[in-house]
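Chemist: Provided herewith is a single structure, encoded as structure tokens, for subsequent inquiry.
A short reminder: the numbers here are calculations on the coordinates, not readings from a lab. Nothing here was measured: the structure is a model prediction, and the numbers come from that model. Here the Cβ is made from the backbone with ideal geometry for all residues, glycine too, and neighbour counts use every protein chain on show.
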Amino acid sequence: MEQNFTLGDVQVSMTPEERFDEYLQSKGMRNTQQRRNLMDIVYSRHEHFDADTLIEQLPRKGDSGYVSRPTVYRTLAEFVDAGLLRKFELDGRAVYEHDYGYPQHDHLHCTVCDELFEFQSDELLELRRNVAQKHRFRVTSHRLIISGVCERCSRTPRRKRRKQDLI
């Protein structure tokens, strides 16, 4: 029986931009152009990233849309506090992923190419529920990252046959 581990959709009442505006207003902060630029880049595609990867994608100093390094780090922390991004440690570096509007999910991490693969598993959620119930524990969240080697990296490279190998 084939399992479907793809992520489903989560209905949300506000866009990420609206949610961030609401967060900033609650803190008495302004939504600056630099914050809006970062929001546009972070939510233009769904991928896992670290601060350095994000900074590499930004316009250079002097160009339109430039965001300073300290502002990137500060704004990423604000995105996490606002519930827009989730931050986790992976091999000693902080990695971010979309949280708002995305379902609870887990990851497979290839230790060769550093790729993260997202998946959902009803069986895993049932196991979590059963273990928590057994220990009279109320689960608020969980994070599972399974490390290993992906199919692409586990394939052995085909060695070209040399004449001396044929002897």
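Chemist: Give me P(r) over the range 103-152, computed from all C-alpha to C-alpha distances, binned every 5 Å, as integer percentages.
Modeler: Once binned at 5 Å, the Cα pair distances of the range 103-152 give 5, 19, 24, 18, 15, 11, 6, 2, 0.
Chemist: Continuing with this model, one more query. Could you give the length gained on full extension between E126 and E22, defined as 0.36 nm per residue of separation minus the Cα-Cα distance, in nm?
Modeler: Between E126 and E22, full extension yields an extra 34.0 nm.
Chemist: Right, here's the next one. Would you please put 128-135, 69-76 in order of how densely packed they are, using the mean number of other Cβ atoms within 10 angstrom per residue and starting with the highest?
Modeler: 69-76, 128-135
Chemist: Dipole magnitude of the chain about its Cα centre, charges +1 at Lys/Arg Cβ and -1 at Asp/Glu Cβ only, in debye to the nearest 20?
Modeler: With Lys and Arg at +1 and Asp and Glu at -1, about 760 debye.
Chemist: Toward the positive end of the charge dipole of the range 103-152, about the Cα centre and with charges on Cβ (Lys, Arg +1; Asp, Glu -1), which of G148, F119, H135 goes farthest?
Modeler: H135
Chemist: What number, in percent, do you get for the relative contact order of the chain if the mean sequence gap of Cα pairs under 8 Å and at least 6 apart is divided by its residue count?
Modeler: Relative contact order of the chain: 22 percent.
Chemist: Now for a different question. Any idea which of F79, Q25, H107 is furthest toward the positive side of the dipole for the chain, if Lys and Arg beta-carbons carry +1 and Asp and Glu beta-carbons -1?
Modeler: Of the options given, the answer is H107.
Chemist: What is the local net charge at T32, summed over the other residues whose Cβ is closer than 14 Å to its Cβ (Lys, Arg +1; Asp, Glu -1)?
Modeler: +1
Chemist: Add -39500 (n - 2.57) for each DSSP H run of 4 or more in the chain, then divide by its residues: what number comes out at 222 nm, to the nearest 500 deg cm²/dmol?
Modeler: Theoretical 222 nm ellipticity from helices: -10000 deg cm²/dmol.
Chemist: Alpha carbon centre of the range 42-73 versus the range 105-128: separation in Å?
Modeler: 27 Å
Chemist: Let's see if you can work this out: charge +1 on each Lys and Arg Cβ, -1 on each Asp and Glu Cβ, no other charges. What is the dipole magnitude of the range 15-100 about its Cα centre, in debye to the nearest 20?
Modeler: Its charge dipole is roughly 360 debye.
Chemist: Using the Cα centre as the reference, give the magnitude of the dipole from point charges on the C-beta atoms of the range 103-152 (Lys, Arg: +1; Asp, Glu: -1; all else neutral), rounded to the nearest 20 debye.
Modeler: 500 debye
Chemist: Follow-up. Could you work out the percent of alpha carbon pairs in the chain separated by over 27 Å, rounded to a whole number?
Modeler: 43 percent
Chemist: Please sort 115-127, 56-68 by packing, taking for each peptide the average over its residues of neighbouring beta carbons within 10 angstrom, highest first.
Modeler: Most protected by this proxy first, the peptides run 115-127, 56-68.
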